[in-house]
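Notes for the one structure printed next.
The values are calculated or read from the model by the stated rules, or taken from the named source; none is laboratory data. Values in this document were obtained by computation on a predicted structure and should not be read as measured data. FYI the Cβ positions are ideal-geometry reconstructions off the backbone, even for glycines, and counts take in every protein chain you see. Ligands, DNA and RNA are stripped out before the accessible areas are found, and what is left, the full protein with its side chains, is counted by its heavy atoms. Shrake-Rupley method; radii C 1.70, N 1.55, O 1.52, S 1.80 Å.
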Amino acid sequence: MKVMIVVTHLLGTGHLSRALTLGRAFVRAGHETFVVSGGMPAPQLDSAGMTLLGLPPLRSDGTDFTRLLTQSDEVADAAYLTSRETALVAALQSFAPDVLITELFPFGRRSLAAEFNAALVAAWNLPRRPVVLGSIRDILAPPSKVSKAERTEEIVCQYYDGILVHSDQSVVPLEVSWPVTDRLRSRLFYTGFVAPEAPVPHPDAVGDGEILVSAGGGSVGQPIFRAAIEAAQKMPNRRWRLLVGGQDARARIDQLSQLVGDAQVTLEPVRPDFRQMLPHAAASVSMCGYNTALDILQSGTPAVFIPFDDGKEVEQGLRGQSLSDLSAIDVLPSKSLNGDSLARAVASVMADGPRPVSAQGFDGAARSVEIAVNLREQTR
């Protein structure tokens, strides 16, 4: 079976990371997998076994997802966006997938609706129409207007055979963040949580006993890193390792290094072995994105979550609330973030000790493959 996954990450790399996890599950099941990525390059992510095509890349201007920038930080004009649409449609027509999966759209990425809609129309016009599936995380950005939810439902009902909801319905139903009508509910397939295999401890025990601070693969999280340096100065007997993401990581590291002084702080760009470092860490400090939250649950590492809430973002805050009752987890609102509060939170979760780790509930990628295969067989 030929599977095509279309994804554009605009701020961090979470959407691409989850799409690649899905892709690896299809590869393991013996399916030819083609991922089209429209975001900035993220070479630290694993695309082994897949064909990966990069469209002319885009990123958002911070949390303004209506203002799209090119790799040279220029506003993407109509010609640039048209070149993406043309490349995407050409790739789809050439590959002729049996299954087409769109990450987040139509529940998000409305600023890129033209290219996604063009791909959907092209898919339906292929000699043999593929099964079309949406792929969404547990918690979405709630629609700001009723009309947006209605338009999303219209697109789903017109083009999609199903929506893969990467959550456990008994834990986080889609209704937590999105209005679900009977018509939409009939197209939802809950897969469980999509995560890679549980992290295996690093063979070199990198990060052993350290406080591991991360903020995803995008150019965000500078307030977290600054607070972490202040907290490290208050905990001189513990080394803190800060992993800085984004295309401008080196420049941001240079800025942060001026604040370190004699604190026990290591500054470096994001690493592909981040997940292997987690089991060794004394604690993790991070935002509360989908992939990071699952990494923490799978590793059992004590964790302080600082949910991203810029630009009226509420997704990570809702996820943090759902995790806040677990042992060795603390949720620190960004408005309360400073060196003192972070040091106290880290000391508290370390005192609680590591959590028991369950292997259950993280097989959403394999379940997604099963759903796609079953739907494809039904259409033959």
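Picking from residues in the range 70-88 that are open to solvent by 70 Å² or more (accessible area, probe 1.4 Å) and hydroxyl-bearing (Ser, Thr, Tyr), the one that is nearest to Pro41 (Cα to Cα) is Ser72. Among the residues making up the range 209-226, those that are modelled with pLDDT of 95 or more, over 18 Å from Met350 (Cα atoms) and open to solvent by less than 30 Å² (accessible area, probe 1.4 Å) are Ile224, Phe225.
Residue check: Pro173 meets all listed conditions (1) over 24 Å from Thr82 (Cβ atoms); (2) touching a residue at least 24 places away in the same chain (Cβ under 8 Å) but one, namely (2). Condition check for Ala231 on (1) at pLDDT 90 or above; (2) surrounded by 23 or more Cβ atoms within 10 Å (Cβ to Cβ); (3) on the phi > 0 side of the Ramachandran plot: one failure, at (3). Just one of the listed residues (Arg129, Arg110) is more than 22 Å from Asn291 (Cα to Cα), open to solvent by 60 Å² or more (accessible area, probe 1.4 Å), out of contact with any Pro (no Cβ under 6 Å at 6 or more places or on another chain) and modelled with pLDDT of 95 or more, and it is Arg129. May I ask you to verify whether Leu140 is in contact with a strand residue (DSSP E or B) (Cβ under 7 Å, 6 or more places away or on another chain), over 20 Å from Gly339 (Cα atoms) and either in contact (Cβ under 8 Å) with a residue 12 or more places away in the chain or open to solvent by 10 Å² or more (accessible area, probe 1.4 Å) (or both)? Judged against the criteria, Leu140 is not a match.
Candidates Val244, Val206, Val200, Val194: the one that is farther than 18 Å from Asp340 by Cβ, of a type in the set (A, V, I, L, M) and open to solvent by 40 Å² or more (accessible area, probe 1.4 Å) is Val200.
Out of Leu11, Leu45, one residue alone is in a loop (DSSP other than H, G, I, E, B), touching a residue at least 60 places away in the same chain (Cβ under 8 Å) and surrounded by 21 or more Cβ atoms within 10 Å (Cβ to Cβ). It is Leu11. Against the list (1) closer than 20 Å to Gly221 by Cβ; (2) in a strand (DSSP E or B), the condition Leu55 fails is (1).
Number of residues in the range 1-34 that are touching a Ser or Thr at 6+ places or on another chain (Cβ under 9 Å) and within 23 Å of Thr379 (Cα to Cα): the value is 13. Within the range 27-42, residues that are under 22 Å from Ala366 (Cβ atoms) sit with their Cβ atoms under 9 Å from residues that are charged (D, E, K, R) and outside any loop (DSSP other than H, G, I, E, B), at 6+ positions apart or across chains, in these pairs: Ala29/Glu370; His31/Lys2; Glu32/Lys2; Thr33/Lys2; Thr33/Arg24; Phe34/Lys2. Could you count how many residues in the range 320-362 are touching a helix residue (DSSP H, G or I) at 6+ places or on another chain (Cβ under 7 Å), of a type in the set (Gly, Ala, Ser) and either loosely packed, with under 13 Cβ neighbours inside 10 Å or part of a loop (DSSP other than H, G, I, E, B) (or both)? Of the residues in that region, 2 qualify.
The set of residues in the range 200-218 being more than 18 Å from Cys288 (Cβ to Cβ) and out of contact with any strand residue (DSSP E or B) (no Cβ under 8 Å at 6 or more places or on another chain) consists of Val200, Pro201, His202, Pro203, Asp204, Ala205, Val206, Asp208, Gly209.
Of all residue pairs spaced 6 or more apart or on separate chains, those with beta-carbon atoms under 6 Å, a first member in the range 350-379 that is within 29 Å of Leu16 (Cβ to Cβ) and a second member that is part of a helix (DSSP H, G or I) are Ala365/Thr21; Ala365/Leu22; Ala365/Ala25; Ala366/Ala25; Ser368/Leu22; Val369/Ala25; Val369/Phe26. In the set (1) surrounded by 21 or more Cβ atoms within 10 Å (Cβ to Cβ); (2) free of Cβ contacts under 8 Å to residues at least 24 places away in the same chain, Val180 fails one condition alone, (1).
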